[in-house]
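Engineer: Sharing a structure here in C-alpha cells format.
Just so it is clear, none of the values below were taken in a lab; they were calculated from the coordinates. In this text the structure is predicted, and so the values were computed from the model without any measurement. Positions of Cβ are generated from backbone atoms using ideal geometry, with glycine treated the same way; all protein chains shown enter the neighbour counts.
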Amino acid sequence: MAHVLIIDDDPLGRSLLRRILTSIGHSVWESMDGEAGLRDFRARHTDLVICDIMLPGMDGIETIAAIRRDSTQVKILVISGGSVHCVSGDLLRTAVAAGADRKIAKPITPDSLRTALDALLSAA
C-alpha cells in the first residue's frame, strides 16, 4: 500500500482517481490546488503524488518543482489533457523536466493508471 496525494482542481477527476486507488489498496488524500497540495505534501508522509498541470494559482509545474525540491524520493505522476499544449505533450514534457517521474494524458483509464503506478512504485 502506498500513501498517495492527488492534486487536481477537478472534483470528478479526483473522485475517479480516489476510487481507482482505494480499490487497489492505496491510502489517498486530496488537494484542490497547488498551494494546498504543497502544504499537504509537507504535512503528511507521501509515497506518490499525482498532480494535474492545469491548476489555479500555483500551477502543476510549479507545484511539482517545489515538491521535488523538498524530496528526491517521492514519486510524482503528472496528468493533464486540458489544452492543445497538454495534448501535444508540451506541458507534460515540461513537467517531467521539472521533476515528474512519469506522465499520463487524460482521459485516464484504470489500466493506464495501474500501469503507471506499478512502474513508479516498483522502482521505489
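Engineer: Report, for the chain, the % of DSSP beta bridges that are antiparallel, rounded to 5.
Structural biologist: The antiparallel fraction comes to roughly 0 percent.
Engineer: Another question, if that's okay. Sequence-distant or interchain residues sharing an amide H contact under 5 Å with ASP33, placed H: which?
Structural biologist: Counting only residues 5 or more places away or on other chains, the set is ASP8.
Engineer: Distance in nm between label sites at LEU121 and ARG42, each 7 Å beyond Cα in the beta-carbon direction?
Structural biologist: 2.8 nm
Engineer: Turning to a different aspect of this structure: May I have the convex hull volume per residue, in Å³, for the Cα set of region 12-58?
Structural biologist: Cα convex hull per residue, to the nearest whole number: 71 Å³.
Engineer: Under 1.5 on a/c is rounded, so check that first for the chain, then, if it is not, pick prolate when a/b is larger than b/c and oblate when it is not; a ≥ b ≥ c are the square roots of the alpha carbon gyration tensor eigenvalues.
Structural biologist: The shape class here is rounded.
Engineer: Ok, one more. In what order do VAL28, VAL78 fall by count of nearby beta-carbon atoms within 10 Å, going from fewest to most?
Structural biologist: Ascending number of Cβ neighbours within 10 Å: VAL28, VAL78.
Engineer: Right, next: Evaluate the distance, in nm, between pseudo-label points positioned 7 Å from the Cα of GLU62 and of THR94 along their respective Cα→Cβ axes.
Structural biologist: Between GLU62 and THR94, the label points sit 1.2 nm apart.
Engineer: Rank LEU77, MET54, ILE24 by how far each Cα sits towards the positive end of the charge dipole of the chain (+1 on Lys, Arg Cβ; -1 on Asp, Glu Cβ) and give me just the farthest.
Structural biologist: So the residue we want is ILE24.
Engineer: Then there's this: Within 10 Å of each residue's Cβ, count the other Cβ atoms and sort SER31, SER15, SER122 from fewest upward.
Structural biologist: Taking fewest neighbouring Cβ atoms as first place, the list is SER122, SER15, SER31.
Engineer: Below 8 Å between Cα atoms, with a sequence gap of 6+, how large is the relative contact order for region 3-122 in percent?
Structural biologist: Computed over region 3-122, the figure is 22 percent.
Engineer: In what sequence do ILE61, ILE76, ILE108 fall when counting other Cβ within 10 Å, fewest first?
Structural biologist: If I rank by nearby Cβ atoms, fewest first, I get ILE108, ILE61, ILE76.
Engineer: Here is a further query. Place a +1 charge on the Cβ of each Lys and Arg in the chain and a -1 charge on the Cβ of each Asp and Glu, then give the dipole magnitude about the Cα centre in debye, rounded to the nearest 20.
Structural biologist: Taking the Cα centre of the chain as origin, the dipole is about 300 debye.
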